[in-house]
Every structure is written in structure tokens, then in C-alpha cells.
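Bear in mind these aren't lab numbers, they're just calculated from the coordinates by the rules spelled out. The structure presented is a predicted model; accordingly, all values stated were derived computationally and were not measured. Cβ placement follows ideal geometry from the backbone for every residue including glycine, while neighbour counts extend to all protein chains displayed.
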Amino acid sequence: MKRTTAAAALFVLALTGSALAEPYQSMFPARNFTDEAKRHLEKLDFKQGAIPLPGANATLNVPGNFYYLDPEDTRTVLVDMWGNPAGSGEGTLGMIFPVKYTPLDGDSWGSVVEYNADGYVSDVDAAGTDYDELLKTLKQAVAENNVEREKQGFPRVTLVGWASAPRYDQSAHALHWARDLIFSDAQGAHTLNYSVRVLGREGVMQYNFIASLPQLEEIKASIPDVIGIVQFDKGKSYDDYQQGDKLAAYGMAGIIAAGAGAKVAAKAGLIAIALAFLKKGGFLIALLFAGAGRFLKGLFSRKSTGA
């Protein structure tokens, strides 16, 4: 556990209202762990309650059925525990996990938290977007890029379809969807890529789930809680928009095309996106392609290899 004196911790709590860190023994009191697991878990600070995110003008209010790991601990999980490259742990706002799992559990799942400050995303096209047509475009783009992927020594990827079709929660200003993917080196195993986006006045809070397809129903059941975790600061919520605010160069379809962790840029009317796969017990695969004037960036998923 990262050490902080009691006085310093109380001072920070008074200033920020943030949650204090708990050791793994407090978070999982009924669990017995191996010595090796203990060595990993004692490096992490498990947090619940209010987690201020100043850079995102928001607070994560983490309920009792989840816990939060800060960016430093997130890097430890992604890189040291799950075997991703060092760069994959950079630039996050942390991760959230269900309290029923530690990051070391084989059937664990978690969500990387990020914030995209591209501006206010209009939701006027939410009801009118043809998501089936968008899926066709994405499938074609992924398929076309497989030639280049194989040249670089990466496995082919097949976008099978929506594991969960895009759905926009108008009242919460939250969009969520899931892709079903197959990697050619995974012996036909399906990979889940579940994404949640909560819109704010100046940008989008992003949850990118690292999970396997059999966990789909469990994750879907958690979505209302996940959406409710983020609270934008006063004056920074989606409904606080005012004429003249910075506008994002894309709408609902652009958010989905961008996938997880995307920073979408518009140039000559075309959306530039990149695609990457992050997994548990594996490595980061960077995938760049152009298809129908689009690339995808930052699609995180964990290949379901039994990890």
C-alpha cells in the first residue's frame, strides 16, 4: 500500500473530500490469498466514496459495490499484473472494479476511466443514427486493415457484430454499446468490448471495460450503477451548455466509431480515429486503418483466453 501519514491523509480529505485508501485486507476481509497474491495486492490502494477528478471537472462517487484504483495503481494492474506494455498504463484517470473481484482473479473485469475534452457533443442524432449501417462500415474497415495487421505480425480481427446494440439514455445523457470481436489467434473465442460514454458540457467521461464475452450480462446489469458514478462539477454538466461553448466535431455515431479512449479529430470533414486492443494477460496491439474516411482509436478489450 502506498504510505501516507494519518495527518496528511486527513488534510487531503478535508481539502478535497476524496475517499481514503484502504488496504486489500479491508476491501476483501473474507478472502484468503496466497503469499504471491498478497505481494501484488499490498501494492494497491482501494478507494470508495468521492474521488475528485479535477482535470475532468467531475467527481466519481464510487458506491459500496465497486472500488476505484488511481492512475498509478491502474498502471500497476495493466502493466505489471496483466502484462500490457508500459505505455498502455499512461493517461488514464484510474479504473473501477466490482468488489466481488480483485484484479488478480481469473474472472475479474474492470473499466478504465478516461476523459475526452473535445467539447460539447450534440445528441440530436441519437434517435436518427442507423447503427446497423454504422456497424457495416466498421466491419468493412476492420476487415480491410487485416492485411496490414498480418504484415506487422498481429492476428486478424473480425468484428462479429454488436454484443449489445447502442443505447442512449436521454435522461442521464449516457451512451453505451458493446462489440463482439474474434482474434485469429484465440481459437474462435469471442472478445467483449463494452463502452460507456457520459456526456458533459465540455467533454465526455469514458468507461472502457476489459472483459470477456461471457461477462456481458453481468456488465450490462452494472451499467446503471456505472453511469451514476460520475457527477460533473457545478456548471459543467451536459444541461449547463450555453451558446458559444466549444462544440465537438462529431455526434453519437462519431463517439461509437471512435471506440474507447478516443480523441477524435475532424479534418476536411473526415473523422480521424485509431484502434487499439488492451487485454488482461496479454499485450497492446495498435491498429491503424482508413475505411469510409474513418479510423478507430482506443478500442480496449480483453481477449478471452481463459485468463
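General observations
- A simple rule links phi to the HN-Hα coupling: the Karplus curve 6.51 cos²θ - 1.76 cosθ + 1.60 with θ = phi - 60°, which for the stretch 247-256 gives 9, 5, 8, 8, x, 4, 4, x, 4, 5 Hz, with x for Gly and Pro.
- For the stretch 34-287, the square roots a ≥ b ≥ c of the C-alpha gyration tensor eigenvalues yield an a/c of 1.5 or more together with a/b not exceeding b/c, which makes the shape oblate.
- Two-site FRET efficiency, residue 107 against residue 170, from Cβ-Cβ distance with R₀ of 45 Å, rounded to 0.05: 0.85
- From phi via Karplus (6.51, -1.76, 1.60), per-residue ³J(HN,Hα) for the stretch 148-154 in Hz, x at Gly/Pro: 5, 4, 5, 4, 8, x, 9
- Built amide H within the under 5 Å cut-off of residue 94, gap 5+: 113
- Fully extended contour minus Cα-Cα distance, from residue 187 to residue 160, at 0.36 nm per residue: 8.3 nm
- Sum of side-chain charges, residue 28 neighbourhood, beta-carbon under 13 Å (Lys, Arg +1; Asp, Glu -1): 0
- The listed peptides 23-34, 196-207, 75-86, ordered by packing as a protection proxy, come out as 196-207, 75-86, 23-34 (highest mean of other Cβ atoms within 10 Å first).
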